[in-house]
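Read the structure below first, then the notes.
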Amino acid sequence: MYRWQQAEGKRHALEGPFPPRPDESFVALCGAEVTVACSDVPQLGGHWFDPTCAECNAVWLSRV
Ligand SMILES: [Zn+2]
C-alpha cells in the first residue's frame, strides 16, 4: 500500500506496510532517499506543514 510521509522538508509518498520511524530513511515514489525526523511523526508531536512533493503526487495519481 501507499502512504504519505513527511521527511526533509516535503511530504513524500512511499510504498510499504508500515510508516517509517524517526531516523529511518526510505526511498520515496519520486526516487529521493530521505530520512524521517521526530518532527515528521505526528504521534511524536510533529506537524505535517511541509508541501506535498509534486513528483510523488504525480506517481501516486498514476498508480492509484
Ligand atoms: Zn517525493
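Where a number appears in this text, it was derived from the coordinates with a stated rule and is not lab data. Nothing here was measured: the structure is a model prediction, and the numbers come from that model. Reconstructed Cβ throughout: ideal geometry from the backbone, glycine too, with neighbour counts over all protein chains shown.
Among the chymotrypsin sites (Phe, Trp or Tyr not before Pro) in the chain, those placed in a DSSP loop whose Cβ has at most 14 other Cβ atoms within 10 Å are Trp48, Phe49.
The relative contact order of the chain comes to 32 percent, based on Cα pairs under 8 Å that sit 6 or more residues apart. Rounded to the nearest 20, the Cβ-based charge dipole of region 2-63 about its Cα centre (Lys and Arg +1, Asp and Glu -1) stands at 220 debye.
The phi-based Karplus calculation (6.51 cos²θ - 1.76 cosθ + 1.60; θ = phi - 60°) puts the 3J(HN,Hα) values of region 15-24 at 10, x, x, 10, x, x, 9, x, 6, 8 Hz, whole numbers, x for Gly and Pro. Per q in 0.28 Å⁻¹, report the Debye log10 I(q)/I(0) for the chain, using one uniform scatterer on each alpha carbon and no solvent. Debye curve over Cα of the chain, log10 I(q)/I(0) at q = 0.28 Å⁻¹: -1.29. For the chain, the longest principal axis of the C-alpha atoms and the axis of helix 54-63 are separated by about 60°. The slack in the chain from Arg21 to Val64, taken as 0.36 nm per residue of separation less the alpha-carbon distance, amounts to 13.1 nm.
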